[in-house]
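Step one of this worksheet: look at the structure below.
Read-outs throughout are calculated quantities, based only on the coordinates presented, and are distinct from any laboratory measurement. Owing to the predicted nature of the structure, the values given are computational and were not obtained by experimental measurement. Cβ placement follows ideal geometry from the backbone for every residue including glycine, while neighbour counts extend to all protein chains displayed.
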Amino acid sequence: MNLEQTKTLNAATGAPHPVHKLTIRELAIKYGFLVLLLGLILFFCAFTNGFASPQSAVFILQSVAITGILALGVTATLVVGGFDLSIGSVATTAMMASSYVMVVMGGDAFTAMLVCILIGVVVGLINGFLIVYMRVPDLLATLGMMFLLVGLQRIPTEGRSIATGMTMPDGSVASGTFSPAFLALGRHRFDFVLPNLVPVSVVVLILLAIVIWFFLEYTRFGRMMYAVGSNERAAQLAGAPVNAYKISAYVISGVFASIGGILLAARLGRGDIASGNNLLLDSVAAALIGFAVLGAAKPNAFGTAIGALFVGVLLQGLTMMNAPYYTQDFVKGGVLVIALVFTFALSQRRR
């Protein structure tokens, strides 16, 4: 007699359901990654000086804030069965655009942020249109958008970074400056236990993580997005506007990437053309690691946030142990493979 038959018999006779005990494999799937994260933290606390300090914890959160925000955007596209490779270039384009508006055009902080958000919305709409209506595979569509934006963001300055006093291609000098209110987004710190401890970017990450988590898990729109990603044909037969949900996911991804670009520009105080090089890989890693958190085996905001934290802990610990910088990507790749093994290989065996 199998488990379903036993439940049916118990329901008919009024007998209590048997308690299902988790096997070692199921425990590994559900809690293995969290144990790995805890073990990593304890290891770095034991073998590095200052890793356990509040300042180190905040530095870790600050280092992953922008990556985490972009990863939450990627999660939205994963939920509908898609993927967005353009997030890093969208963030860098937003950073360059905000710098251009204030430094070259003399605009204010609000205008700069509005332009950045509009860029994210437009890019998301174009990505969604190409994927949904032009039937271009999501990887190819967003890869093409990535290259398009990488070239586009360099054209106005002929490939140079944007800073106050720079010489423009036409020979003029950029005399605008970054608004103090804009710079505060990347440099201001709130008092928490200690004075000037928590950066604004960390607060933004936490708020956006809560919002997207609640949106995906507890709203009808979010549940329908999961339904689209799980079985698009069934969602269509149920009358769901599948195309609208898929396009909305890419718009969310574009807006989140733009927010990350705004925070990056505010932190640097310039439009650095090369500062977003690693954003794509780290964001994708965080989103995919999220599949392994609590055995979810699906894209989810909570897992993505934990994945971003894991990447930050790993890189901060390796840096404090004076590990060569060129080994960090190798270690991240190894951790990602382990996380995916926890998620898919063990889960398939359990089924």
Inset, instruction - May I ask for the angle, rounded to the nearest 10°, between helix 200-218 and the longest principal axis of the chain, with both axes built from Cα atoms and the value confined to 0 to 90°? - result: 40
Legend entry - For Ile259, Ile338, Ile66, order by how many other beta-carbon atoms lie within 10 Å, fewest first: Ile338, Ile259, Ile66
Inset, instruction - Starting with the fewest neighbours, write out Met134, Met96 ranked by other beta-carbon atoms found within 10 Å of each beta-carbon. - result: Met134, Met96
Inset, instruction - Would you please classify the overall shape of the chain from the alpha carbon gyration tensor, given that a ≥ b ≥ c denote the square roots of the eigenvalues, rounded means a/c under 1.5, and beyond that prolate means a/b larger than b/c while oblate covers the rest? - result: oblate
Inset, instruction - Report, by chain and number, residues whose modeled amide H sits under 5 Å from the one on Phe192, excluding near sequence neighbours (fewer than 5 apart, same chain). - result: Leu197, Val198
Inset, instruction - Compute the acute angle (0 to 90°) between the alpha-carbon long axis of helix 87-99 and the principal axis of greatest extent of the alpha-carbon atoms of the chain; round to the nearest 10°. - result: 30
Inset, instruction - Just need the relative contact order of the chain here, percent rounded to a whole number, with Cα pairs under 8 Å and 6+ apart. - result: 31
Inset, instruction - Rounded to the nearest Å, what's the spacing between the alpha carbon centres of the stretch 187-252 and the stretch 53-111? Just the number, please. - result: 15
Inset, instruction - Kindly state, to the nearest 0.05, the FRET efficiency for Arg187 paired with Val136, given R0 = 45 Å and r defined as their beta-carbon distance. - result: 0.65
Legend entry - Added length on full extension, which subtracts the Cα-Cα distance from 0.36 nm per residue, Val150 to Phe110: 12.0 nm
Legend entry - For peptides 318-326, 184-192, 215-223, 74-82, sequence by mean Cβ density within 10 Å, most packed first: 74-82, 184-192, 215-223, 318-326
Inset, instruction - Report, ordered by chain and residue number, the aspartates and glutamates lying within cross-link reach of Lys298, taken as a straight Cα distance under 20 Å and ignoring same-chain residues fewer than 8 apart. - result: Glu26, Asp84, Asp138, Glu217, Glu232, Asp282
Inset, instruction - Quick one: order Tyr100, Tyr133 by neighbouring beta-carbon count within 10 Å, fewest to most. - result: Tyr133, Tyr100
Inset, instruction - Any chance you could give the angle, 0 to 90 degrees and rounded to 10, that helix 54-79 forms with the longest Cα principal axis of the chain? - result: 70
